[in-house]
Amino acid sequence: MSNILFVTSSIFGENSKSRTVALDLLTNLKLSEGAASVTTRDVAGLPHFDGDTLGALMTPAEKRDAAQTSRVALADALIGEAEAADTIVIAAPMYNFSISSQLKAWIDHIARSGRTFRYSAAGPEGLLKGKKVYIVAARGGLYANGGPAAAMDFQEPYLRGLLGFLGLTDVSFVYVEGLNMGPEAVANGFAVANKRIAQLVPTAIAA
Ligand SMILES: Cc1cc2nc3c(=O)[nH]c(=O)nc-3n(C[C@H](O)[C@H](O)[C@H](O)COP(=O)(O)O)c2cc1C
């Protein structure tokens with residue numbers, strides 16, 4: 001049975017467009033893979049990875065106070081979810097031309113030297129290998145495939161670079177775009193996303 005980690009990171013909760021499209025992708029993945037368990041992690045309420053968190057990680061386990069123990073437990077749980085997954089689906093809104101600060105907080109928690117990457121004589125090595133990643137990128141404007149705002153897309157290159165650093169190199173994007181450009185553009189954005197899902201997941205039911 002395949003193990004899917006579903007990460008949502010929007011400030012709009014159930015009205016999130018990246019989440020809506022990612023749920024369609026998930027439905028199709030589950031259909032195509034037969035049986036799959038899904039772990040959902042909404043990172044919207046995740047704390048920043050701050051000095052106290054770093055301090056907790058650097059304190060030996062037996063010397064941590066209750067707050068430090070709980071900070072380390074959260075970071076360990078997030079890493080454990082990523083390690084356990086065969087497939088990771090990330091619903092990623094574009095905010096200010098990049099990812100949400102909430103998704104950045106998740107990344108800051110899971111990027112840990114010696115666990116998800118390491119440095120060797122040959123340079124950095126990502127340790128989250130052999131997993132498939134899908135990213136549903138929701139945008140108010142048009143960036144994909146040479147769209148008019150392409151030069152301002154710091155979301156896709158950042159995510160590709162960061163995930164690659166962690167060893168996650170098999171990454172496919174689904175774009176849902178034009179979401180701040182009126183009803184027609186929104187309908188078109190969802191139609192394009194559905195076609196892409198059908199292309200990415202061969203047994204997809206999406207039109
Ligand atoms: C704080 C904020 C910043 C945004 N910045 C951008 C932006 O830089 N470029 C863009 O195309 N859309 C931008 N948008 C529009 C979002 O990408 C759009 O609302 C999308 O639906 C967000 O995904 P979500 O619904 O999953 O949160 C922004 C929206 C918010 C709330």
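The values are calculated or read from the model by the stated rules, or taken from the named source; none is laboratory data. Keep in mind the model is a prediction, meaning the values are calculated, not measured. Don't worry about glycine lacking a Cβ; one is built from the backbone with ideal geometry, like all the others, and counts go over all protein chains shown. Ligands, DNA and RNA are excluded from the accessible area calculation, which covers all protein heavy atoms including side chains. Shrake-Rupley method; radii C 1.70, N 1.55, O 1.52, S 1.80 Å.
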Next item on the list: Pop the C-beta distance of residue 97 and residue 62 into the FRET formula with R0 = 30 Å and round what comes out to the nearest 0.05.
Entry: 0.10
Item checked: Ranking by accessible area, most exposed first, for 48, 109 with a 1.4 Å probe -> 48, 109
Check: Quick one: how many Å² of residue 173 are accessible to a 1.4 Å probe, rounded to 10?
Finding: 0
Item checked: Antiparallel bridges, percent of DSSP beta bridges restricted to the chain (to nearest 5) -> 15
Margin query: I'm a student and want to see the number: the projected area of the Cα convex hull of the chain, averaged over all directions, in nm².
Written below: 13.1
Check: What's the carbon and sulfur percent of the chain's accessible surface, probe 1.4 angstrom, rounded to a whole number?
Finding: 55
Item checked: Heavy-atom accessible area ranking, 1.4 Å probe, most first, across 18, 70, 2 -> 70, 2, 18
Next item on the list: At 1.4 Å probe size, with every protein chain present, just tell me what the per residue accessible area of the chain comes to in Å².
Entry: 48
Notebook entry, point to check: Share of antiparallel DSSP beta bridges in the stretch 48-165, in percent to the nearest 5?
Noted result: 40
Next item on the list: Whenever you get a sec, line up 152, 181, 94 from highest to lowest accessible area (probe 1.4 Å, protein heavy atoms).
Entry: 181, 152, 94
Check: How much of the DSSP beta bridge set in the stretch 1-105 is antiparallel, as a percent to the nearest 5?
Finding: 10
